[in-house]
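Right, one structure below, let's go through it.
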Amino acid sequence: MEREFWLAFIEEARQIRRREANWDFINKLPPRLRHALVYYVETGDFRTAARLAGLGVEEFLEKAREAGIPLV
């Protein structure tokens, strides 16, 4: 029961990030940052996404905010 709850929660968060993201903005970014933002949208793991982008966590989260991706 608890496992299903968390799986549903994770999927709902992913759907919110996908829906709210500004995909036109994201697709115009350099490949490394673009792929890191897509990784973040799909997983919610901003620390790994920041490493993939080659940015600090705060810098990465600012880029995510600019891209309209909510912190869910």
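Looking at the stretch 7-72, which chymotrypsin sites (Phe, Trp or Tyr not before Pro) are DSSP coil and have at most 12 other C-beta atoms within 10 Å of their C-beta?
Passing both the DSSP loop test and the Cβ count: no residue.
Summarising the label geometry, the points placed 7 Å from Cα in the beta-carbon direction at Phe25 and Glu66 lie 0.9 nm from one another.
Classify the stretch 1-49 from the C-alpha gyration tensor, please: rounded if a/c falls under 1.5, else prolate or oblate depending on whether a/b exceeds b/c. Oblate, since a/c reaches 1.5 and b/c is not below a/b.
The angle between the Cα long axis of helix 57-66 and the main principal axis of the chain comes to about 90°, on a 0 to 90 degree scale. Computed over the chain, relative contact order equals 37 percent, with contacts defined as Cα pairs under 8 Å that lie 6+ residues apart. 3J(HN,Hα) couplings calculated from phi for the stretch 23-29 with the Karplus curve 6.51 cos²θ - 1.76 cosθ + 1.60 (θ = phi - 60°) are, in sequence order, 5, 5, 5, 4, 5, 8, 7 Hz; Gly and Pro show x. Rounded to the nearest 20, the Cβ-based charge dipole of the chain about its Cα centre (Lys and Arg +1, Asp and Glu -1) stands at 280 debye.
Converting phi to 3J(HN,Hα) with the Karplus coefficients 6.51, -1.76 and 1.60 and the offset θ = phi - 60°, the stretch 32-42 yields 4, 5, 4, 5, 5, 5, 5, 4, 4, 4, 6 Hz in sequence order, with x at every glycine or proline.
Here, each number is a calculation from the coordinates, and none is a lab measurement. Keep in mind the model is a prediction, meaning the values are calculated, not measured. Glycine gets a Cβ as well: all are built from the backbone with ideal geometry, and neighbour counts include every protein chain shown.
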